[in-house]
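Have a look at the structure below before the remarks.
The values are calculated or read from the model by the stated rules, or taken from the named source; none is laboratory data. This is a predicted model, so every value here is computed, not measured. Note: ideal-geometry Cβ built from the backbone for every residue, glycine included; neighbour counts use all protein chains shown.
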Amino acid sequence: MLNHELIEAFHQGHTIDAHHLFGAHLTNENGVDGIRFTVWAPRAKNVQVVGPFNDWNGEYSFLLPVNDKGIFSLFVPHLGEWTLYKYRVESSYGVWTEKSDPYGFYQEKRPKLSSIAVDLNNYHWQDAEYLKKRTKNFDKPMHIYEVHLGSWRKKNDEWLTLDELADELIPYVKDNGFTHIELMPLVEHPFDGSWGYQVTGFFSITSRYGTPKEFMRFIDRCHAREIGVILDVVPTHFVKDENGLREFDGAPLYEYPKHEDAHNEWDTLNFNLWKEEVRSFLMSSFNFWVETYHFDGLRFDAVKNMLYWGGDKYRGHNEGALAFIRRSNYYMSERYPDVMLIAEDSSDFHGVTSPTFHMGLGYDYKWDLGWMNDTLRYYALDPIYRKHPHNHHMLTFSMAYFNTERFLLPLSHDEVVHLKKSLINKFWGSYEQKFSQARNLFGYMMAHPGKKLNFMGNELGVMDEWDEKKALEWNLLRYPMHQSLLRYVRDLNFVYHHHTSL
C-alpha cells in the first residue's frame, strides 16, 4: 500500500525516501505475492507496465492514478524477483513511448533496456562494527584510491567479476596503505566511454560487473578490511536516450523547459533543480546508495554546473540549485553524520564546506583543483625555469588559501586522459628524472594540508594515458623503477598513517 505522507513529502521536495514509494517493489497485498509498480508522470494520459508477464502488451496493465499530481500505481499479482519490465507512457498528444523505470533498482546489460525487479532487502550485512566506528575522517588520515572497475585489471580482455575484484583489489589497496576506494560511477549508463557519468538509472547499479547482492558483498568485504568505499554520483545531468528521463511524460519533466538551461557541454540534459519532485528524486538517489549499499561517502560530480546557470559564472548563480544543494546536504548529514559528502567543484564559490546554517553549501570536502593544476604545471617545467618567482608561485600559492575550505588534493582520472599524458609523463626530464620527480611530488602531496586522492596507475608510474577499454600496465612492475615507485608510495602511506602532524 502507498504511504500518503511520503507522497506529500515527495511533491514538496522534502523527502530522501522516494525510492520506498516509486519503482517496482516485491510485496504481498491481501495475501497475494506480486509487484507494485509506481511512477510519476503528471502530463501523461496513460501509463502501462509491460513485460514477459503480459507478452509486452499493456492493454490490460494500465497503472491507475493515485492523485491529481501525476502519480500512477498498479499491483500485479504473481510476479517475483528478476521480472523484466518497462513503462509505456502516453503523452498528452497521444504518442506512446517505452521508458525504463526512473526508480528501477537494476537493468539489463546494455544494449538491452528493460528494468529488472529485484529484492534488495535479503542480503545479510556483516559490517555492523565497522559502521559503528565510521566517521567523516576530519581528524584521520585519508588517501583515496580512485578506481574504474572495468579497467583496473582484466581477464582474457574481459571485465573481472565483483568477487574476482574483491579477491585482488581489496588486498592491493590495504597492503599499499590506501584508506578508501573511490569508485567511478556505478549507476547504469548506456555508453562505456562515458565512464558512468552519462546516466540512465539513478537507482540502478550497473549490470556490467554483477548483481546488486554481489555489489553489497564487495562493499562488505571492503569494510571487513577497514577500507571505506566512496561512490561518484552525478547530480547535475542525464543522457538524452529516449528510454531514459528525457521528456518522460511527453514533455520536459526532469529537465529544464528552456533549451539554454537544459543543454550543456556534455550533450546531456541538466536536471531542473527548481522542481520539488526532481529534488526529491535526486536526494532519494543519494540516500539510496548509502542506505542500501552502505557507501561511506559520495563524491558529487560537476558541482559548478549547479552553482551557476549552465556552469557559467557570468550567467549568475542558480538560486534554485543552491537551495537544492543546501537542502540535500542538510538532510543527508542529519541522517548520516558519519558519511562524507565531497564536492568536485572547479569554481571559486565561497563556503562550499561551510555548514548550511552559516549559508554554506554543507559539503564535507572540496577537491582542490587549483592545487592540482598549479602543481602539475610546475612539475612539467625545466628546473631552470622553476626558480622564476612567477613559476615558483605555482608551488606555494595554495598555502595562501588552504584553510578557507576543507580541501582534498586530487590527482584524478581527469588528468590522465584526452592527450594530457599519464602522470609520470607529465614530469620534465629523462626516464630516471621523471621517477625522482614523481617521488618528490608524492612526498610534497603528503606533507601538504588536505586529504589525498590518486587515480589507479599513478602509483605504478604507468606510461600510457588511461583507456577504459584496457587494463593498467601491470607488466611494468617487472622493471625496477616502477617497482620502487610503488614501494615508495606504500611506505609513504604508512608514514602518513602514523604521523598525526600529516
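The residue that is nearest to the chain's Cα centre (by Cα), counting only those in segment 126-143 that are in contact (Cβ under 8 Å) with a residue 12 or more places away in the chain and assigned to a helix (DSSP H, G or I), is LEU131. Within segment 258-288, if we keep just the residues that are out of contact with any helix residue (DSSP H, G or I) (no Cβ under 8 Å at 6 or more places or on another chain) and at pLDDT 95 or above, the residue that is surrounded by the fewest Cβ atoms within 10 Å (Cβ to Cβ) turns out to be LYS275. When you look at HIS482, is it at pLDDT 95 or above and more than 23 Å from TYR172 (Cβ to Cβ), yes or no? So HIS482 does not fit the description; no. Say whether the condition of being buried (at least 21 other Cβ atoms within 10 Å of the Cβ), on the phi < 0 side of the Ramachandran plot and of a type in the set (S, T, N, Q) is met by at least one residue in segment 94-101. Within segment 94-101 (the criterion being buried (at least 21 other Cβ atoms within 10 Å of the Cβ), on the phi < 0 side of the Ramachandran plot and of a type in the set (S, T, N, Q)), the answer is yes, since at least one residue qualifies. Contact map, segment 388-399: first residue closer than 11 Å to TYR378 by Cα, second residue surrounded by fewer than 14 Cβ atoms within 10 Å (Cβ to Cβ) and of a type in the set (Phe, Trp, Tyr), Cβ cut-off under 6 Å, separation 6 or more or different chains; pairs are ASN391/TYR385. In segment 57-77, the residues that are closer than 18 Å to PHE248 by Cβ reach residues that are small (Gly, Ala, Ser) and assigned to a loop (DSSP other than H, G, I, E, B) with C-beta atoms within less than 6 angstrom, at least six apart or across chains, in these pairs: GLY70/ALA41. Restricted to segment 423-454, and to residues there that are farther than 22 Å from ASP491 by Cβ and among the polar types (S, T, N, Q), the residue that is nearest to the chain's Cα centre (by Cα) is ASN425. The set of residues in segment 73-114 that are in a strand (DSSP E or B), under 22 Å from PHE288 (Cβ atoms) and out of contact with any Phe, Trp or Tyr (no Cβ under 9 Å at 6 or more places or on another chain) contains only GLN107. Going by what's in this entry, would PHE138 be described as within 30 Å of LEU502 (Cα to Cα), of a type in the set (A, V, I, L, M, F, W, C) and loosely packed, with under 14 Cβ neighbours inside 10 Å? It is true that PHE138 is within 30 Å of LEU502 (Cα to Cα), of a type in the set (A, V, I, L, M, F, W, C) and loosely packed, with under 14 Cβ neighbours inside 10 Å. Here is the figure for segment 395-451: residues that are of a type in the set (A, V, I, L, M, F, W, C), more than 30 Å from GLY360 (Cα to Cα) and out of contact with any Pro (no Cβ under 8 Å at 6 or more places or on another chain) total 10.
Considering (1) in a helix (DSSP H, G or I); (2) closer than 23 Å to PHE407 by Cβ; (3) hydroxyl-bearing (Ser, Thr, Tyr), the lone condition that THR353 does not fulfil carries the number (1).
Within segment 415-429, how many residues turn out to be of a type in the set (A, V, I, L, M, F, W, C) and at positive phi? So the count comes out to 1. Criterion applied to SER194, SER207 was being without any contact (Cβ under 8 Å) to a residue 60 or more places away in the chain, within 17 Å of the chain's Cα centre (by Cα) and farther than 23 Å from TYR365 by Cβ, and the one residue passing it is SER194.
Condition (residue is aliphatic (A, V, I, L, M), modelled with pLDDT of 95 or more and within 20 Å of ALA251 (Cβ to Cβ)) applied to segment 7-18: is it met by at least one residue? Scanning segment 7-18, I find no residue that is aliphatic (A, V, I, L, M), modelled with pLDDT of 95 or more and within 20 Å of ALA251 (Cβ to Cβ), so the answer is no. Summed over segment 210-242, residues that are part of a loop (DSSP other than H, G, I, E, B) and buried (at least 19 other Cβ atoms within 10 Å of the Cβ) total 6. Of all residues in segment 413-441, those that are outside any helix (DSSP H, G or I) and either in contact with a helix residue (DSSP H, G or I) (Cβ under 8 Å, 6 or more places away or on another chain) or charged (D, E, K, R) (or both) total 6.
Residues that are under 17 Å from ARG134 (Cα atoms) and either in contact with a helix residue (DSSP H, G or I) (Cβ under 8 Å, 6 or more places away or on another chain) or without any contact (Cβ under 8 Å) to a residue 40 or more places away in the chain (or both) do not occur anywhere in segment 318-325.
Taking segment 451-495 as the range and being in a helix (DSSP H, G or I), aromatic (Phe, Trp, Tyr) and surrounded by 22 or more Cβ atoms within 10 Å (Cβ to Cβ) as the test, no residue passes. The requirement of being among the polar types (S, T, N, Q), crowded, with 21+ Cβ neighbours inside 10 Å and under 30 Å from ASP119 (Cα atoms) is fulfilled nowhere in segment 289-303; no residue meets it. Any residue at all in segment 184-203 that's out of contact with any Lys or Arg (no Cβ under 7 Å at 6 or more places or on another chain), of a type in the set (Val, Ile, Thr), at negative phi and surrounded by fewer than 17 Cβ atoms within 10 Å (Cβ to Cβ)? There is no residue in segment 184-203 that is out of contact with any Lys or Arg (no Cβ under 7 Å at 6 or more places or on another chain), of a type in the set (Val, Ile, Thr), at negative phi and surrounded by fewer than 17 Cβ atoms within 10 Å (Cβ to Cβ).
When the residues of segment 291-304 are filtered to those that are outside any strand (DSSP E or B) and in contact with a strand residue (DSSP E or B) (Cβ under 7 Å, 6 or more places away or on another chain), which remaining residue is nearest to VAL339 (Cα to Cα)? The residue in question is ASP296. Residues in segment 1-37 that are in a helix (DSSP H, G or I) and either under 12 Å from VAL76 (Cα atoms) or among the β-branched types (Val, Ile, Thr) (or both): ILE7 alone.
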